[in-house]
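Report on the structure given below.
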Amino acid sequence: MTPPNRTPPPAAHSLFRYFALTVMNSICMTIIVATMFFWTRSVFHYTDRENLWLSMAVGLAIVPGARYGGRLADRIGPDRLLAWAFAIDALLLLTGWLPAWRYTPFAVALLYACVVSTCWPALESAIFHAPSRFSKPQRLSIYNVTWSSANTLGLLTSSLLVAWNPASVIWVPGILHAVSLLFLIRTGSRPAPVPAAGVILASAAAATGGIQPSIKRRFMHTAWLGNALTYVMISVLLPLLPALAEKVGRSPSTVIVMTCIFYLTRSLAFVLFGRWEAWHYHRGWNFAALLTAPLAFAGIMLTPSLGLILASMALFGLALGLTYSSSIFYSLDYGEGKGEHGGLHEAVIGMGNLAGPLVGVLGSVWWNSPNGAPAATLALVILGTLIASWLLPSCPRSGIR
């Protein structure tokens, strides 16, 4: 008796269409996650500590959403999962900003982060499997440049929204999610011509160089740790942007635009490390990114010099670009469950988003100082960096340069 076919529905749209959905999802999530803290500060009068708790709630919700969203994408197919997620997100954001209850932002953040985080492993799986002439590294490079560039666009958009009406950073993404749902449904699906299997397989083999699975797994785990540490820092930086604006004596909109620097340099890093693939399974590059990120974070959060802050943001983005590229490439290069591995990669991001604000709150309580939160965050990141750096030399080269 033939066993039932458990293969999930395939990614039925073109690669370009999934990239367009990636742009929309990235813009929406950036506006919410990066600038809802200005909404909570102006409407609900949240303190820095309350904004850190809110940021932690986002990380708490991302972990299960991404972890099980990837598994669900492998089971029911990415298109069906994306349709449900866009519909729920649109309904939530278009209505969730209305109640004046003090804890409305926490309810919205928890539900939204959980649902929207399921979209990322679904998009990664779809982009990996959609028929195309592009190789695996090329697809991931384009994907990284796409969502990170959309991050920058979302941040610039939110600077205008914050200046106009802080509540609009909630309901405008709701409209965009509704547009994404219509785009996904109305465009329909049609089978695309599948390129010769030898093209994709040959490029994949060239990218990985026949490296042993045990070595791949070690690089993947180290990259996950490094990526989690970068999001520990990001999840403290974003809720403290209002405080950073006060420290440098600039308007909220100006500081949001300043933050675009690290988003832009991260996008440039994605372009660089997408076109130049010699960093694959090269521990020296991973080590450099691990060391650079906390130095840049300290330059942003612990110095009063505007010039040094801007330079540190640029360096921060470059380090983040390589660390994220490593995490997603090693995740999708190892094993067969692309949606599930993409979900694990995203879940690690959620863990960083959870740990960062928690440590920031503890630091602000312990030191009772404006620099307490970033100092405690930096201490955790340095500890994690030492662990990750210790793991890297234990990866045998096996001919890798």
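Values as computed for the structure displayed
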item	result
Verdict on residue 369 being free of Cβ contacts under 8 Å to residues at least 40 places away in the same chain and hydroxyl-bearing (Ser, Thr, Tyr)	yes
Top-ranked residue in segment 25-50 [being in contact with a Ser or Thr (Cβ under 6 Å, 6 or more places away or on another chain) and part of a helix (DSSP H, G or I); ranked as farthest from residue 349 (Cα to Cα)]	49
Extreme residue, nearest to residue 87 (Cα to Cα), among residues of segment 190-211 that are under 28 Å from the mean Cα position of the chain (by Cα) and at pLDDT 50 or above	208
Count - residues of segment 245-265 that are part of a helix (DSSP H, G or I) and open to solvent by 10 Å² or more (accessible area, probe 1.4 Å)	12
Tally of residues being open to solvent by 30 Å² or more (accessible area, probe 1.4 Å) and modelled with pLDDT under 90 across segment 96-115	6
Every residue from segment 211-233 that is closer than 24 Å to residue 255 by Cβ and open to solvent by less than 10 Å² (accessible area, probe 1.4 Å)	230, 232, 233
Which listed residue, of 99, 105, is over 18 Å from residue 22 (Cβ atoms) and not in a helix (DSSP H, G or I)	99
Near pairs, Cβ below 8 angstrom, 6+ apart or cross-chain, from segment 231-253 (charged (D, E, K, R)) to any residue that is surrounded by 18 or more Cβ atoms within 10 Å (Cβ to Cβ)	250/258
Residue 382 vs. criteria among the aliphatic types (A, V, I, L, M) and modelled with pLDDT under 85	no
Residues of segment 266-287 satisfying the condition of being of a type in the set (A, V, I, L, M), within 21 Å of the chain's Cα centre (by Cα) and surrounded by fewer than 19 Cβ atoms within 10 Å (Cβ to Cβ)	268, 271, 272
Segment 290-306, residues that are outside any loop (DSSP other than H, G, I, E, B), out of contact with any Gly (no Cβ under 7 Å at 6 or more places or on another chain) and in contact (Cβ under 8 Å) with a residue 40 or more places away in the chain	291, 293, 294, 297, 298, 300, 301, 306
Any hit, segment 49-70, residues being open to solvent by 30 Å² or more (accessible area, probe 1.4 Å), out of contact with any Phe, Trp or Tyr (no Cβ under 9 Å at 6 or more places or on another chain), free of Cβ contacts under 8 Å to residues at least 40 places away in the same chain and among the hydroxyl-bearing types (Ser, Thr, Tyr)	no
Residue that is on the phi < 0 side of the Ramachandran plot, open to solvent by less than 20 Å² (accessible area, probe 1.4 Å) and free of Cβ contacts under 8 Å to residues at least 12 places away in the same chain, where the choices are 135, 168, 158	168
Residue check for residue 329: at pLDDT 90 or above and of a type in the set (A, V, I, L, M, F, W, C)	no
Subset of segment 348-364 [of a type in the set (A, V, I, L, M) and either under 26 Å from residue 121 (Cβ atoms) or touching a residue at least 60 places away in the same chain (Cβ under 8 Å) (or both)]	348, 349, 351, 354, 355, 358, 359, 361
One residue from 157, 152, 146, 118 being farther than 30 Å from residue 277 by Cβ, hydroxyl-bearing (Ser, Thr, Tyr) and at pLDDT 85 or above	157
Check on residue 290, open to solvent by 10 Å² or more (accessible area, probe 1.4 Å) and modelled with pLDDT of 85 or more	yes
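The values are calculated or read from the model by the stated rules, or taken from the named source; none is laboratory data. These figures come from a predicted structure and were not determined experimentally. So basically every Cβ, Gly included, is an ideal-geometry build from the backbone, and we count neighbours across all protein chains shown. Side chains are part of the model used for accessible areas, which takes the heavy atoms of the whole protein and leaves out ligands, DNA and RNA. Shrake-Rupley method; radii C 1.70, N 1.55, O 1.52, S 1.80 Å.
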